[in-house]
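K.L.:
The structure follows.
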Amino acid sequence: MENTQMIVGIVGAGAMGSGIAQIAAQTGWQVLLLDQSSERLAKSADQLAAVCDRLVEKGRLESVESVALQERIVRTTDLQNLASCHLIIEAIVEDFDAKKGVLQALEEIVGESTILATNTSSLSVTGLAGVLKHPSRFLGLHFFNPAPLMALVEVVPAIQTDQQHVVQCLDWMKAWGKIPVQAKDTPGFIVNRIARPFYGEALRIVEEGLASPHEVDAAMKDAGFKMGPFELMDLIGNDVNYAVTKSVFEAFYFDPRYRPSLIQKKHVEAGWLGRKTGRGYYSYQDGKPLGSPANKTGDWGWIQNRILAMLMNEAFDALALGIASAPDLELAMTRGVNYPKGLLEWANEWGLDVVLEQLQQLQSSYGEDRYRPAPLLQDLVQSNKSLEIH
Ligand code: NAI
């Protein structure tokens, strides 16, 4: 089948839906972009026009292609118009009942071969599949923000999903120029789960008065991360980051490894959400942080070791639990959140015994289950093996 004949329906023309529409249209798919609000649809069209103009100015898009790309997206408020889509991606508000309503209505109008997908970040894909008459053609397609720029897509089958639809979606995402990885339907999927200690352990260090946000950020940038945890939380928004942490914590039945931080809660309560409010862990003027950054030559090795060991531990646990294959875990963290290295490879480089020792030290200092080493890591160390990644 030619790409030009393919039709994708996207429900929700907010940040994510609009970005996904742009990706599909760039690949030559016909796009039907639906929102309940015509104002949102108009805003989405204006934003795309501005993006295309910039790309044309920079010489990265021919003006005739810019016109064609924009014409490939048809906007509508009438769900009925999505009847003939090959694929429909729901990207409305993160609310189970709202999503359930849209998905059930879609099921009434599409043919049997249409694949239905959700871009949810935190709801159970299996739970959403459970409200459908034909759950086997439903799955998660989790894009990252901004969707046109972030290569990673987590393809998340519900336990009811037919594998042939998973394979089909993996192929389609590749055709859209994305890097798809298959993830098990568990809280946070891959990236939002494994990345938790990057924020959680950093907050804990500051909460305990062991270092300042500046110092933790300097340490992690020195370890190769583009942004430190506090800079990144200020960029993402403390409200958004806190909500993800809280939802992962609750979904894992309050596992202490994912416990949210009171510092972050206070920042949310104070309205210190980060860049968007001019104040978070840092104060901002004209979008730039005020104050001098920490001295990069400080002895921050212990900060790096503590946060990285917790991240690596999370990756070992995710691997053992079949959340994703080892290569997909590495791809997800390097391409989804731009980590300088895959965490498993990094752990091999450190030596798994070193990672284990770091965790055991934390566990014995704090006596908390939060620092329990992943059983897979312990097994590998006991049998004196490193991890085969490829
Ligand atoms: P948004 O708030 O920017 O856009 C949601 C859009 O859905 C709005 O335009 C709204 O008018 C529309 N809408 C709401 N209810 C509707 C209905 N019943 N029928 C039709 N349209 C409806 O939200 P955003 O950020 O684009 O998020 C959408 C989804 O993507 C959520 O599930 C979110 O968790 C997920 N997501 C968000 C990411 C982000 O960083 N913003 C990243 C990855 C996933």
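The values are calculated or read from the model by the stated rules, or taken from the named source; none is laboratory data. Model, not experiment: these values are computed from the prediction. With ideal geometry, Cβ positions are generated from the backbone for all residues, glycine too; neighbour counts draw on all protein chains shown. In case anyone asks, the SASA skips ligands and DNA or RNA and just uses the protein heavy atoms, side chains included. Shrake-Rupley method; radii C 1.70, N 1.55, O 1.52, S 1.80 Å.
K.L.:
Inside segment 240-277, can you point out the residues that are open to solvent by 80 Å² or more (accessible area, probe 1.4 Å) and not in a helix (DSSP H, G or I)?
P.N.:
TYR253, PHE254, ARG259, TRP272
K.L.:
Filtering segment 23-53 down to residues that are within 16 Å of the ligand (Cβ to nearest atom) and either outside the structural domain of ASP78 (by TED's automatic domain parsing) or under 18 Å from VAL64 (Cβ atoms) (or both), which residue is least open to solvent (accessible area, probe 1.4 Å)?
P.N.:
Step by step, filter segment 23-53, then rank; the result is LEU48.
K.L.:
Examine segment 250-269 for a residue that is among the hydrophobic types (A, V, I, L, M, F, W, C) and closer than 20 Å to ALA315 by Cβ, and state whether such a residue exists.
P.N.:
yes
K.L.:
Hey, another quick one. So is SER386 among the hydroxyl-bearing types (Ser, Thr, Tyr) and at pLDDT below 95 or not?
P.N.:
When the stated conditions are applied, SER386 passes them.
K.L.:
Also: In segment 65-78, how many residues are open to solvent by 40 Å² or more (accessible area, probe 1.4 Å) and within 12 Å of the ligand (Cβ to nearest atom)?
P.N.:
3
K.L.:
Of the conditions (1) out of contact with any Lys or Arg (no Cβ under 8 Å at 6 or more places or on another chain); (2) farther than 21 Å from TRP172 by Cα; (3) not in a loop (DSSP other than H, G, I, E, B), HIS142 clears all except one; give me its number.
P.N.:
If we test HIS142 against (1) out of contact with any Lys or Arg (no Cβ under 8 Å at 6 or more places or on another chain); (2) farther than 21 Å from TRP172 by Cα; (3) not in a loop (DSSP other than H, G, I, E, B), just (2) comes out false.
K.L.:
Can you go through ALA117, ALA129, ALA105 and tell me which one is touching a Pro at 6+ places or on another chain (Cβ under 7 Å) and more than 8 Å from the ligand (Cβ to nearest atom)?
P.N.:
Only one candidate passes the filter, namely ALA129.
K.L.:
Under 7 Å between Cβ atoms, at least 6 apart or on separate chains: pull out the pairs that start in segment 79-102 with a residue that is farther than 20 Å from VAL166 by Cα and without any contact (Cβ under 8 Å) to a residue 60 or more places away in the chain and end on any residue that is among the hydrophobic types (A, V, I, L, M, F, W, C) and within 7 Å of the ligand (Cβ to nearest atom).
P.N.:
As it stands, the answer is ALA98/ILE92; LYS99/ILE92, since those pairs meet every condition given.
K.L.:
Could you check how many residues of segment 83-95 are within 11 Å of the ligand (Cβ to nearest atom) and surrounded by 14 or more Cβ atoms within 10 Å (Cβ to Cβ)?
P.N.:
Matching residues across segment 83-95 total 5.
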